[in-house]
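Have a look at the structure below, then the notes.
All of the numbers you see were taken from the coordinates with simple rules; none came from a lab. Quantities reported herein were computed from a predicted structural model and do not represent experimental measurements. Positions of Cβ are generated from backbone atoms using ideal geometry, with glycine treated the same way; all protein chains shown enter the neighbour counts.
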Amino acid sequence: MRKITFAEAINEAILTAMRESKDVITYGLGVPDPKGVFGTTLGLQDEFGEARVFDTPTSENAMTGVGIGAAINGLRPIMVHQRVDFFLLALDQLINNAAKWNFMFGGVCRVPITIRLIVGHGWGQGPTHSQNLQSLFSQIPGLKVVIPTSAYDAKGLLLESIFDDDPVIFLEHRWLYGLKSNVPKSSYRIPIGKANLVNEGSDLTIVALSYMTIEAIQAIKELEKIGVNCDLIDLRSTSPLDFELIRKSVKKTGKLIAVDSSSKSFSVASEIIADCAIESYNYLQKPPRRVALEDAPAPTSFGLTNSYYNGALEIYNEAIGLLGIKEENTGSKFIKEKPHDVPGEWFKGPF
Amino acid sequence: MNLSELQASMLRIRLVEESIANKYSEQKMRCPTHLSIGQEAIAVGVCSNLTNEDQVLSSHRAHAHYLAKGGCLNSMLAEIYGKVTGCSKGMGGSMHLIDKSVGFMGSTAIVGNTIPVAVGSALAMKIQEKKLISCVFFGDGATEEGVFYESINFAIIHNLPVLFICENNLYSVYSGLEVRQPKGRKIFEMVRAFGIESSHGDGNNVQQVSDYVELARDKILSGNGPQFLEFDTYRWREHCGPNYDNDIGYREEEEFLEWKKKDPLKDIFENKDLDLVKVLFNKFNAEIQQAHHFADNSEFPSDKDFQQIINS
Ligand SMILES: Cc1ncc(C[n+]2csc(CCOP(=O)(O)OP(=O)(O)O)c2C)c(N)n1
Ligand SMILES: [Mg+2]
C-alpha cells in the first residue's frame, strides 16, 4: 500500500467526501489560496467550484453560525481554521448553538458540521498560536471531539466526521502534517469513540493522543529494551472517549499513565484518571500518573519551550518512576538531532 | 516634527525591519514575524501626533507602531530573539509587544482583539478625566470581525476619546478584499454610517497621515467623539516571514511594483542631500546592529523567570 502524509490524507478525505456527496462544502480563510491550508485544501476549488469551496471574510463567529444554518438545511459543511486559537471567537456559535441545537429543539434538527482546527507547536508559536484545548471542547455536551494521530486515522476519521450527523471538532496537530503512513486510496471510515491499541504489553498502560502518541511510541521502544512492555492506547477521540478499552487494559496491567498535550488540570488525562479511580480501583497496583503540561500558557522563547513541553523522555521517566525502576542519565536515550522546537530539519519557520 | 523628522523615523523603522528580514534565516528569531515594510508612513504619521501618555494598541503586525510610539528597540529585538531582556521577557515574541513607559499598551496576535481593549483604555481616560487619547491600529481584515462593529458602537455611545486607524493593505494573509468584502466597499464610508466621524487618506504619504491625525486628535480632545481614519497602503513582503512572495500566485508582481513606486520613503531615497541621508543611514544602522548584538547576547529566560511570571 502507498504511504501518504497526514496533510495529504486530510486532503484526500475531503476530496472523497465531496465526490461522494454534493452536500459537502468546504470553506475557511485561505481555503482556495496557493498554500491551501498547509496543503490540505489544495485542488478542491478546481474540482468542485466556487460555490462549494470558498474563501471567507475574517469572521470566525459569523462563519460558524453560517455553517450551522447550512447544516440544518441538509448541507455538510467542513470549516477550517489555521489555528485553534483563531476559532475561539466562535465559541458562542459553537457552544450555544451547534452543540445544543438538536437538544434544545427536542431532537428534531441535527447539525452535521465538521470544524477542522489546527494546533500549533514550536517555533515561537507561543501563548496564542499553540493552545491545546481538547478538554475545553470535550467538556461541552453535544460536541464530538476527534483528535487523530496517523495519516490512516486522519482520513478515516475525517470521513466519518463529515458524514456524522452531529457537530464534530476535528483537531489536527501541526507536527503530524509531514508524517506518513499506509493509507488506502479507497473510501473508508473509522468509528468515532473507538481508541486504537497501538502496542500490546502487560506491564503498563499508557494512554496518549495526537502528537503525544508519536512521543509515546519512542518511549515504549526504550522501555521495551529494559524489559517493560506497554499497552499503548491512542485515543483518536476525546468525546466520546473509549473508557472501555482503557479499563480493559488497566485490568490487565494495574498501572496507568495518561499522556496529554494540554496543561494538566482539568485535562483529558485528568478525566481518564478519574474514571480509573472510580471504575478500576480494585485493579490498580500503583497510583496512576499524568504526563501533561504545567498550568501555564505556552511561552514563546526557544529558551523555555524545551522544558515546557513533554516528550518521549518525560514519558519514559514517569514510567520508570511509577514502576520503581532506578536508572541514571535517561536523557541520553533520547538524543535529538534537530532543534527541539521544530518537527524536522526541513522546518525553518515562520508559521 | 517637521518633514525630515518624520522621514527619519520611517527610515529607522524600514532599516530595523530589513535587518530582521536579513537575519531571519540565521534562525535565532524563532517566532512568527509580520513585517511592516511598505507601511511605515501610517505608524509614523499617527504616532508623531501622540503624546507619550496617549496610548496605542496594535495587532500582529506591530513593529512599526511600537517603534513609532517610541518603544525601546533593544527590548523589541530581544523579544523577537526570545530573550529575557525582551519587552515581554520572551513570553510573547514578535506578536506580543509592550512598552508601557511610552504608552504602547500591547499588540496581540488574534485579529481584531485589541480594538475593544483600546476602547476600554479610552473609557478609563474619560472616567479619570485625562486629556489623552487612545489609538488602535488594525488591518482591513479586522474590520470583518464582529468585535470591530461592537467596539465602535460602544465608543460612539459613550463619546470616548479613541482614534481608530485602519491600515488597508488589501489582504488578509493571501485572501484579497474581493473574496472578503463587497465590491466598491469603502470601509471609512461604512463606519461613517455607524455614526462616527470618518475619513480616508493616502497611507503612504506621511505628511498627509500626520495632518489627518493632528486634526482627529484635536477633535477628540475637544469633545467631538471618537474618530476613524482609513489609510491605503501595501505590505511588501510575505504575510508572515522575511521573504517576498509575489511568485506564489495570490497577487501580481505588477501590483507590487505599482505600490513600490509609491514607497513612503521615496523622498528620502530621492533626496539630493546625499550626505545627510548617508549620515542617517549610518547612524541607524549602527544603532540597529548594536540592538541585534544586545538581543543575540542576552540570556534566554530561565525556568525561574518563567515561574516568577506565572506565579506573580
Ligand atoms: C481571529 C483570527 N483569525 C485569523 C487569524 C490569522 N491571521 C493572522 S494575521 C491575519 C490577517 C489579518 O488581516 P489584516 O487585519 O488586514 O492585517 P494585515 O495582516 O493585512 O496587516 C490573519 C487572518 C488570526 N490571527 N486571528
Ligand atoms: Mg490587511
Relative contact order, percent, region A:26-177 [alpha-carbon distance under 8 Å, six or more residues apart]: 22
Residue with peak Gaussian network fluctuation, chain A [Cα springs, cutoff 10 Å], from A:I72, A:I246, A:I25: A:I72
In debye to the nearest 20, how big a dipole does region B:3-311 give about its Cα centre with +1 on each Lys and Arg Cβ and -1 on each Asp and Glu Cβ? 580
Rounded to the nearest 5, what % of the DSSP beta bridges within region A:196-334 are antiparallel ones? 20
Before anything else, pin down the relative contact order of region A:196-334: Cα pairs under 8 Å, at least 6 apart, normalised by residue count, whole percent. 25
What does the helix-only formula give at 222 nm for chain A: each DSSP H stretch with n ≥ 4 adding -39500 (n - 2.57), the total divided by the residues, and the result rounded to the nearest 500 deg cm²/dmol? -10000 deg cm²/dmol
Could you tell me, in Å, what Rg and Dmax come out for the Cα atoms of chain A? 20.1, 62
Under 24 Å Cα-Cα from B:K126, which lysines qualify once same-chain neighbours fewer than 8 residues away are excluded? B:K69, B:K100, B:K219
Please identify every one of the trypsin sites (Lys or Arg not before Pro) in region B:158-194 that sits in a loop by DSSP and has no more than 14 other beta carbons within 10 Å of its own beta carbon. B:K183, B:R185, B:K186
Enter the Cα centre distance for the pair region B:136-150 and region B:266-312, rounded to the nearest angstrom. 30
Alpha-carbon centroid distance for the pair region A:220-287 / region B:56-113, whole angstrom: 42
Bridge orientation stat for chain A from DSSP, antiparallel percent rounded to 5, came to 20
Shielding score for B:90-97, defined as the mean number of other chain Cβ atoms within 10 Å: 6
Mind running the shape call on region A:196-334? Use the C-alpha gyration tensor, a ≥ b ≥ c as the square roots of the eigenvalues: rounded below 1.5 for a/c, prolate if a/b tops b/c, oblate otherwise. oblate
Counting only DSSP beta bridges with both partners in the protein assembly as shown, the antiparallel fraction in percent, to the nearest 5, comes to 15
The farthest towards the positive end of the charge dipole of the protein assembly as shown, of the residues A:L293, A:L117, B:A41, given +1 on Cβ of Lys and Arg and -1 on Cβ of Asp and Glu, is A:L293
Short version: ³J(HN,Hα) in whole Hz for each residue of region B:186-199, in order, from phi by Karplus 6.51 cos²θ - 1.76 cosθ + 1.60 (θ = phi - 60°), x for Gly and Pro, what are they? 10, 4, 5, 6, 4, 6, 4, 5, 5, x, 10, 5, 8, 9
Of the GluC sites (Glu not before Pro) in region B:119-219, those whose Cβ has at most 11 other Cβ within 10 Å and which sit in DSSP loop: B:E129
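Mind listing which GluC sites (Glu not before Pro) in region A:276-351 are in a DSSP loop and have 12 or fewer other Cβ atoms within 10 Å? Don't skip to the answer; put the middle values down first.
Details: sites: A:E279, A:E294, A:E314, A:E318, A:E327, A:E328, A:E337, A:E345; in loops: A:E294, A:E327, A:E328, A:E337, A:E345.
Taking region A:276-351 and a limit of 12 other Cβ atoms within 10 Å, the loop GluC sites (Glu not before Pro) found are A:E327, A:E328, A:E337, A:E345.
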With a 10 Å cut-off between alpha carbons and a GNM built on chain B, which of B:D267, B:D296, B:D99 moves the most? B:D267
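Work out the length of the dipole vector of region A:196-334 about its Cα centre, built from +1 on the beta-carbon of each Lys and Arg and -1 on the beta-carbon of each Asp and Glu, and round it to the nearest 20 debye.
With Lys and Arg at +1 and Asp and Glu at -1, about 260 debye.
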Pull up the cross-link candidates among the aspartates and glutamates for A:K251, meaning alpha carbon to alpha carbon under 17 Å and not fewer than 8 places away within one chain. A:E200, A:D203, A:D231, A:D242, A:D275, A:E279
Among B:234-246, A:83-95, A:184-196, A:233-245, how do they line up by average Cβ neighbours within 10 Å per residue, starting with the highest? A:233-245, A:83-95, B:234-246, A:184-196
Shape call for the protein assembly as shown from the C-alpha gyration tensor, a ≥ b ≥ c root eigenvalues: rounded (a/c under 1.5), prolate (a/b greater than b/c) or oblate? prolate
With angles folded into 0 to 90 degrees, how steeply does helix A:312-323 sit against the dominant principal axis of chain A? Use alpha carbons for both and round to 10. 50
Between helix A:210-225 and chain A: long-axis angle, C-alpha atoms, 0 to 90°, nearest 10: 20
Ignore the peptide's own chain and count Cβ atoms of other chains within 10 Å of each Cβ in B:18-31; give me the average, rounded. 3
Let me spell out the model: positive unit charges on the Cβ of Lys and Arg, negative unit charges on the Cβ of Asp and Glu, origin at the Cα centre of region A:2-183. What dipole size does that give, in debye rounded to 20? 300
Distance in Å, no decimals, from the C-alpha centre of region A:51-109 to the one of region B:207-253 is 32
Among B:I268, B:N311, B:I220 the positive-end extreme of the charge dipole of region B:3-311 (Cβ point charges): B:N311
What angle, in degrees between 0 and 90 and rounded to the nearest 10, separates the Cα long axis of helix A:268-279 from the longest principal axis of the Cα atoms of chain A? 60
For region B:3-311, what class follows from the C-alpha gyration tensor (a ≥ b ≥ c being the square roots of its eigenvalues): rounded when a/c is under 1.5, otherwise prolate if a/b is larger than b/c, else oblate? rounded
Restricting to Cα pairs under 8 Å and 6 or more apart, the percent relative contact order of chain B works out to 23
So for R0 = 22 Å, FRET eff. of B:D303-A:I226 from the Cβ-Cβ r, to 0.05, ends up at 0.15
Spatially near lysine pairs across region A:122-236, Cα under 23 Å, sequence gap of 8 or more or different chains: 8
With point charges of +1 on the Cβ of Lys and Arg and -1 on the Cβ of Asp and Glu, referenced to the Cα centre of chain A, which listed residue (A:I169, A:A98, A:F351) lies farthest in the positive direction of the dipole? A:I169
